[in-house]
Amino acid sequence: TKTISKCYVQVTGMTCASCVANIERNLRREDGIHSILVALMAGKAEVRYNPAVIHPSAIAELIRELGFGATVMENCGEGDGILELVVRGMTCASCVHKIESTLMKTNGVLYCSVALATNKAHIKYDPEIIGPRDVMQVIKDLGFTTSLVKKDRSASHLDHKQEIRQWKRSFVVSLVFCIPVMGLMIYMMVMDSQLSDAHAHHNMSSEEMEALHSSMILEYQLLPGLSVMNFLSFLLCVPVQVFGGWHFYIQAYKALKHKTANMDVLIVLATSIAFVYSFVILLVAMAEKAKVNPVTFFDTPPMLFVFISLGRWLEHVAKGKTSEALARLISLQATEATIVTLGPDNVLLSEEQVDVELVQRGDIVKVIPGGKFPVDGRVIEGHSMVDESLITGEAMPVTKKPGNTVIAGSINQNGSLLISATHVGADTTLSQIVKLVEEAQTSKAPIQQFADKLSGYFVPSIVAVSVVTLFAWIIIGFVDFEIVEKYFLGYNKSISAAEVIIRFAFQASITVLCIACPCSLGLA
């Protein structure tokens, strides 16, 4: 007997079904090649060959001559089928042993493990030799009942609705409170510039006097050291810090627990420090009954949270779009298949409905008009038009006659077809597309990984810089107090020089943190 070996070749550069047909047609002619199966989406070819006549490297070379890229895949374990079954009727360890030993003796079963507690069986098999139905039959013959472990066909794990809702809420809360804060801030800026103009001219017009009064209202002190402006900003900032920043705090905590620093840590660090610092400085001012209102950073957290939660919200909306498309794709899969047994001259002997997971390679599947193709296959008998638009995007129905290939998920239109299954289970075109999209969803863009890596270094370095700033100013202050006096306007003359220096140093270092956090890197 000729020994037949099997190898897998990774093929690149295939664009459509005609490329597949081209490779299959040309390689079948070669000596020593028994059969070849090419999967377009997976980009791999399974070749059965006679090792006495031809080698895998030569096969790859033949494909390369046709103008495609080809490399032999080392790990051939990818062709193994995996079956998860629920086995009912096991009572003790001897039942488990009976099933395992019988299955392991069965030709084509590579590995089998049965768990009594969960009633589950995990079986690896070679789809060339045996299929899931045969395995189930073996277990049935031993007197147990089996059923497939039901897979969740819906794409619930791809649903971004909850995240979209959460970030949208986060964004709206931040926005509602951010607008007044920004309004106050801009108003103060405008008023300040008008006042400085007025001071320059010394002669005030009545409008300028009015402007002065209105800005005085905001600077008016409710309590000594607590101006209306700062009080309002504080009130508006609290809800944002709590509701807008809630998810950031959770994420940042998780990151720090694993000793990493990501964007969330930065955001939380900057907003919390800005908020806490402003709050503390207000308390200090009130305690001192200061005449000059302290400079606070209450405008930083709301604005920051607005931009970032908007970014996150948009990101999840975009992901949700892809997932919707994917969920639609998954819903295209047929759930059942009609398997027929053919006698001589293709006479129908019997037919049975089975779960689509139980279709084996080489099975003859009957597809009625209006039915979906459950697996990829080749037409054996019948003529029909097939709507493949869901897969290929081609609007016109495609004529299928014996010898043509059909794609799982496409819809049969007017004639009944008998097809021989070539790719089943996870190897069908549809499953491969779903797998590709899933992988694209879970993997990060290279630039995103780079940004994450950078922010890993960025966070500690910013913290370091602000600490350096703190100490630098303390040293400068104690060496030459006049420099500090020049930059630190409106401090209370009654407090000691040391306190002035320390307060100024803190203000400088906090400013570094607040300014460095919403860096374009993180926002992008």
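The values are calculated or read from the model by the stated rules, or taken from the named source; none is laboratory data. Nothing here was measured: the structure is a model prediction, and the numbers come from that model. Positions of Cβ are backbone-derived with ideal geometry, glycine not excepted, and every protein chain shown enters the neighbour counts. Keep in mind that these areas ignore ligands, DNA and RNA; they rest on the heavy atoms of the full protein, side chains included. Shrake-Rupley method; radii C 1.70, N 1.55, O 1.52, S 1.80 Å.
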>> If amide hydrogens are placed 1.01 Å from N in the peptide plane, which non-local residues have theirs closer than 5 Å to the one on His160?
In response: none
>> So for each of 85-95, 397-407 I average, over its residues, the number of other beta carbons within 10 Å; can you give me the resulting order with the highest mean first?
In response: 397-407, 85-95
> What are the ³J(HN,Hα) values, in whole Hz, obtained from phi via the Karplus relation 6.51 cos²θ - 1.76 cosθ + 1.60 with θ = phi - 60°, for each residue of segment 461-475 in sequence order, with x given for Gly and Pro?
Replying inline: 5, 5, 4, 4, 4, 5, 5, 4, 4, 4, 5, 4, 5, 4, 5
>> Using protein chains only and a probe of 1.4 angstrom, how many square angstrom of Glu499 are accessible, to the nearest 10?
In response: 80 Å²
>> Could you sort Arg29, Arg64, Arg378 by their accessible area in this structure, using a 1.4 Å probe and putting the largest first?
In response: Arg29, Arg64, Arg378
>> Under 21 Å between alpha carbons, and skipping anything fewer than 8 positions from Lys401 in its own chain: which lysines qualify?
In response: Lys366, Lys372
> Which residues' amide hydrogens lie under 5 Å from the amide hydrogen of Leu342, considering only partners 5 or more residues apart or on another chain, with H built in the peptide plane?
Replying inline: Leu349
> Under the Karplus relation 6.51 cos²θ - 1.76 cosθ + 1.60, θ = phi - 60°, what is the ordered set of whole-Hz ³J(HN,Hα) values for segment 9-23, x standing for Gly and Pro?
Replying inline: 10, 7, 10, 10, x, 7, 10, 8, 5, 6, 4, 4, 4, 4, 4
> Over the chain, what relative contact order in percent results from Cα pairs under 8 Å that are six or more residues apart?
Replying inline: 11 percent
> Tell me, in nm to one decimal, what length is gained between His97 and Thr145 on full extension, where the rule is 0.36 nm per residue of separation less the Cα-Cα distance?
Replying inline: 15.7 nm
> What length, rounded to one decimal in nm, is gained on full extension from Leu223 through to Ile250, with 0.36 nm per residue of separation minus their alpha-carbon distance?
Replying inline: 6.2 nm
> How much accessible surface area, in Å² rounded to 10, belongs to the heavy atoms of Phe307 with a 1.4 Å probe?
Replying inline: 120 Å²
>> At R0 = 30 Å, how high is the FRET efficiency between Val340 and Ala395 if r is their beta carbon distance? Nearest 0.05 is fine.
In response: 0.45
>> What figure, in Å² to the nearest 10, do you get for the accessible area of Lys168 with a 1.4 Å probe and non-protein molecules left out?
In response: 100 Å²
> Rg (Å, one decimal) plus Dmax (Å, integer) for the alpha carbons of the chain?
Replying inline: 35.7, 112
> So what is the 222 nm mean residue ellipticity for the chain from helices alone, if each DSSP H run of at least 4 adds -39500 (n - 2.57) and you divide by all residues, rounding to the nearest 500 deg cm²/dmol?
Replying inline: -17000 deg cm²/dmol
>> How charged is the neighbourhood of Thr271? Take every other residue with its Cβ under 14 Å from the Cβ of Thr271, and add Lys/Arg as +1 and Asp/Glu as -1.
In response: -2
> Over all distinct Cα pairs, what is the inverse of the mean 1/r for segment 1-157, reported as the Kirkwood hydrodynamic radius in Å?
Replying inline: 18.0 Å
> Taking a probe of 1.4 Å, how large is the accessible area per residue of the chain, in Å²?
Replying inline: 53 Å²
>> Return the Rg/Rh ratio of segment 5-73 with Cα-based radii and a Kirkwood Rh.
In response: 0.92
> Largest first, how would Ser170, Ser147 line up by accessible area (1.4 Å probe)?
Replying inline: Ser147, Ser170
>> Please report the carbon-and-sulfur percent of the accessible area for the chain; probe 1.4 Å, protein heavy atoms only, DNA, RNA and ligands left out.
In response: 62 percent
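Under 8 Å for C-alpha pairs, at least 6 residues apart: give me the relative contact order for segment 35-145, rounded to a whole percent.
Values: 121 pairs, mean separation 24.0, N = 111.
Over segment 35-145, the number comes to 22 percent.
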>> Taking amide H atoms as placed 1.01 Å from N in the peptide plane, list the residues 5 or more away in sequence, or in a different chain, whose amide H sits under 5 Å from that of Asp376.
In response: Ala408, Thr422, His423, Thr429
> Each residue of segment 312-324 in turn: what ³J(HN,Hα) in whole Hz from Karplus with 6.51, -1.76, 1.60 and θ = phi - 60°, glycine and Pro shown as x?
Replying inline: 5, 4, 4, 4, 5, 4, 4, 5, x, 4, 4, 5, 4
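Starting from the residue with the highest accessible area, list Val172, Val484 in decreasing order, probe 1.4 Å.
If we order Val172, Val484 from most to least accessible, we get Val172, Val484.
If you average the sequence gap of Cα pairs under 8 Å that are 6 or more apart and divide by the length of segment 81-148, what percent do you get for the contact order?
43 percent
What full-extension length gain, to one decimal in nm, is calculated for Val467 and Phe481 as 0.36 nm per residue of separation minus the Cα-Cα distance?
Between Val467 and Phe481, full extension yields an extra 3.0 nm.
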